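None of the figures in this text is laboratory data; all of them are computed from the coordinates on show. Just so it is clear, the structure is predicted and the values come from calculations on it, not from any experiment. Neighbour counts run over all protein chains shown; Cβ positions are idealised from the backbone, glycine included.
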Amino acid sequence: MTILGQIVRIAVQLGGIMILARLLTPTDYGLLAMVTAIIGVGELVRDFGLGSAAIQARTLSRGQKNNLFWINAGIGAVLMLVTIAASWPIADFYDDPRLQPITAALSVTFLLNGLSTQFRAHMSRSLRFGRLVIVETGAQVIALAVGVTMAFAGAAYWSLVGQSVAQTIAALALLLFLTGWLPGGVSRREPMRGLLSYGSNMFGTQLLAYASRNVDSIVIGARFGAGPLGIYNRAFQLMMLPLLQLNAPSTRVALPVLSRLQDDRARYAQFITFGQSALLTVLGAALALLGAQAESVVRIMLGPQWLEAVPVFRILLVAGFFQAAGYAVYWVFLSKGLMRQNMYYSLATRPLMIAMILFGSIWGMYGVAIAYSASVVVMWPVSLLWIRRISDAPVGAMFWNGARAMAVYGAGCIASALATFAIPADLPFVRVIVGGSALLVWIALMALVWPRYRRDILDFLSARRYFRRSRAGKSSPDSAVTPDPGNDTVNDEGIAPR
């Protein structure tokens, strides 16, 4: 269900990118990126790690769920007011008065997302992935319709603001309709310390990660203006498109399974190496094709007026691969409850990433892109060494999964580029089709001659057997979780939620 939903979401998002990029300018995207790079930190505060805390907890009573809901809602309301007050300083920081009303309009998303957080957590904890697919896909379709309509009407950057606000409104409405749970009042007797501790450690980690991942946008916007930031932002979003579409759903599926298997070392190792390999099989091929056919992809997705984004796009794709390779490390931190260690890891690595990006900005937009990618490359082996020290995760297998994917898809990228070398640049669809075919031939060849890679492909094609094993070997609901009376977080099969 998750994979099918992501296919629909990718199609919708690709269509939106192609349409809006031809109706809006780099400055329109740059203005929104200036604001979101700063106020986006509010989303981390608003969640405070409590969504993941609710999902990962072995037991969760109705009273605890109610308390978490009101905490998230309260934080969201406060952030909305703080953001409105901060809209004038943000406009002064960038010296652009247009940013004040944009910031004020986007502030409502904090309240709406605060109200949505525990509804999403409830669905994930209950393993209702089909309903989550409906919520996310439906909200995205509605938001795109609003954004495109406003763009055709000449609303310029306001169409992007309208799209963002519409998505949060639609998602909350669908969650209320489909969840089947309504929060009650605050319960002061419920034990909340463990949930808040998990959430606060996760929040600290996410805050450091956010700062390191958005300093590039802030630096480019402040030093070089909305136009260059718009170009960088579109290149970055194109790079992140396949990652965002696969990371969130893969984590949503991996976390409940790994949380149940955390005390079974052999099965835990088997599933996490399978999950990492499956993710790299899909993302490695996608990123290889994007890198080989970067110019054609930009022509198709954004239009020829965005060709300045091509070199930045290629540079950032390197970061994309190593981010994908590192997702499994994040699964280890989450599923084993190692959020304090995750925060220590972030304290040790994220400041280095920020420093590299600031240094790279000396050479402009391209220097920032190179520094960002280089920092992500450095952090991948460091993260593996870190979890090797604090957990029993199969670090060696995880490293070789990444190295093998790097070898296969790096060479496949070269093969795809060579296959289209003689095809004119003004035939982008032909170049992508030929380049994609060449990449598939290369993958098939590698599967034939490299037995270990062939096993990766066969495991990916037979993924369902891993979930059948997980269900067959599950413990009884009472041994995994003790639900309180009336708690409906156990699914229809009686499987206790994570």
- Query: In nm, to one decimal, how far is the Arg189 label point from the Met18 one, both placed 7 Å along Cα→Cβ?
  - Reply: 5.9
- Task: May I ask for the net charge around Leu32, where only other residues with Cβ less than 14 Å from the Cβ of Leu32 are counted and Lys, Arg are +1 while Asp, Glu are -1?
- Result: 0
- Note on the structure: Amide H neighbours of Ser187 at under 5 Å, excluding residues fewer than 5 places away on the same chain, with H built from the backbone geometry, are Asn67
- Can you quote the Å³ per residue value for the convex hull of the Cα atoms in the stretch 227-473, rounded to an integer? 123
- Task: For the stretch 419-454, state which chymotrypsin sites (Phe, Trp or Tyr not before Pro) are in a DSSP loop and have at most 14 other beta carbons lying within 10 Å of their beta carbon.
- Result: Phe421
- Note on the structure: A chain fully extended from Leu461 to Ala407 at 0.36 nm per residue, minus the present Cα-Cα distance, gains in nm 17.4 nm
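Return the equivalent ellipsoid semi-axes of the stretch 300-363 as a descending list in whole Å, where each equals the square root of 5 times an eigenvalue of the C-alpha gyration tensor.
31, 18, 8
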- Query: So, by mean Cβ neighbours within 10 angstrom, what's the order for 148-159, 326-337 with the highest one leading?
  - Reply: 326-337, 148-159
